[in-house]
Each structure stands twice: as C-alpha cells, then as structure tokens.
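The structure under discussion appears below in the form of structure tokens.
The values are calculated or read from the model by the stated rules, or taken from the named source; none is laboratory data. Here the structure is a predicted model, which is why all the values come from computation and not from measurement. So basically every Cβ, Gly included, is an ideal-geometry build from the backbone, and we count neighbours across all protein chains shown. Just the protein is used for accessible areas: all its heavy atoms, side chains included, with ligands, DNA and RNA removed. Shrake-Rupley method; radii C 1.70, N 1.55, O 1.52, S 1.80 Å.
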Amino acid sequence: MGNTIVKTQIEEVKEFLAKSVHELEAFLNETTLARLQQGQQTNEEYYKSILSSLRKLTVYCEEGLDACKVILQAEVFSKAAAEKTLYRIYYQCIEEFFSPKSDVWYEDSRSAYTGKNAIKFRQPVSAELSELLLGLEGSFQRIREELEYYETDYRTKMLQSR
C-alpha cells in the first residue's frame, strides 16, 4: 500500500480512537459501581469485571492514539511504523472490544445475518452500560473492517522475514 493510503488510515484511526477514548473516559468518570447496580440483579463481581475491561480498553485506545500522533508528527512519514501501529491497534483495541480477555461480554457471530447488535453481555446489565457499548460498536466494526488487512498482512510479513 502507498504511503498516502496508510497515512490517511492512520489519520482516520486517530480520529476514531480520540472519539472512543472521550466516550469511554466520560462514562468511567461519571459511573460508580453502586449506580450501575441500582435495580439490577447482576452481581457486584460481574460489574467490577466489566469496569476493569472498559478501563483496559481505554488504556489500549489511549496508547494507540498516542502512537498515531507520534507517527503523524514525525518529520518523515514511516510507512513501516504506521503499518505496525495499525496492526497493534487492530490486535489490542479492536479485538479487546469484541472479545475482552475477561470474557464479560462477547460478539454474537450471527449478528451479521440478523442485523442486530453483535455485543452480548453474559448477564443482564444497566441500560447506560449497554448503551455505551452498543453506541461504540458501529465505529469499532467499521475500523475493524478497514484494519483487517493489517492483521493478516503484518503477520505474513513477519513470517516471511524469519
């Protein structure tokens, strides 16, 4: 891929990450465990795990955002560094969103066929938590589709270099 295409994708991903970090931070800064549990039957440990996963996702997105900024501010654009960064963003941010390591929510693979949202919680959750993830899902899905190339291309390059 040409430098212009990769640079455009880095810029687009930077905007996506900035927006995602803003939304995640706003939610985390305003949300308490007690408020999430109001009127819910979900146990406290489940909510703690969800909040932990959201904090981890926020950190990954912030790190990706910082990396995009550094690449875009460099005197000479480094295509190799940009591609590696896009791969890392795909692997850390996008994959963590759709399939968090804590397994507190998951992606319903049938959603593509049903037209429904892909994110499903393991237990019932508050409306505000559900709205947050469902609101973020569309932009994460769009960026995932754009970055899937780097996920496979970067791995291929790494295997060929051995």
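Our compactness index for segment 45-92, the C-alpha radius of gyration over the empirical 2.2 N^0.38 Å, is 1.46. The Glu45 and Glu23 beta-carbon pair, evaluated with R₀ = 30 Å, returns a calculated FRET efficiency of approximately 0.75. Here, P(r) means the percent of Cα pairs in each 10 Å bin from 0 to the largest distance; for segment 1-50 it is 21, 30, 21, 16, 11, 1.
Return the carbon/sulfur percentage of the accessible area of the chain, one whole number, probe 1.4 Å, all protein chains in place. On the chain, the fraction of accessible area on carbon and sulfur atoms equals 49 percent.
The modelled label-to-label distance between Val59 and Arg142, using points 7 Å beyond Cα along the C-beta direction, is 2.9 nm.
Skip the ligands, DNA and RNA, and give the accessible area per residue of the chain with a 1.4 Å probe, whole Å².
Normalised by residue count, the accessible surface of the chain is 56 Å².
Between Thr32 and Tyr149, the contour length at 0.36 nm per residue exceeds the Cα-Cα span by 38.3 nm. Counting only residues at least eight positions apart within a chain, or on another chain, the lysines with an alpha carbon under 18 Å from that of Lys101 are Lys48, Lys56, Lys120. Quick one: P(r) of the chain from all Cα-Cα pairs, 5 Å bins, percents rounded to integers, in order of increasing distance. The calculated distribution, bin by bin, is 1, 8, 17, 20, 17, 14, 10, 6, 4, 2, 0, 0.
The slack in the chain from Leu72 to Gln123, taken as 0.36 nm per residue of separation less the alpha-carbon distance, amounts to 14.2 nm. Each residue of segment 78-94 was assigned a 3J(HN,Hα) from its phi angle through the Karplus curve 6.51 cos²θ - 1.76 cosθ + 1.60 (θ = phi - 60°); the sequence is 9, 4, 4, 5, 5, 5, 5, 5, 5, 4, 4, 5, 4, 5, 7, 6, 5 Hz, with glycine and proline shown as x.
Once the C-beta distance of Ser109 and Ala80 is scaled by a Förster radius of 41 Å, the resulting FRET efficiency is 0.80 to the nearest 0.05.
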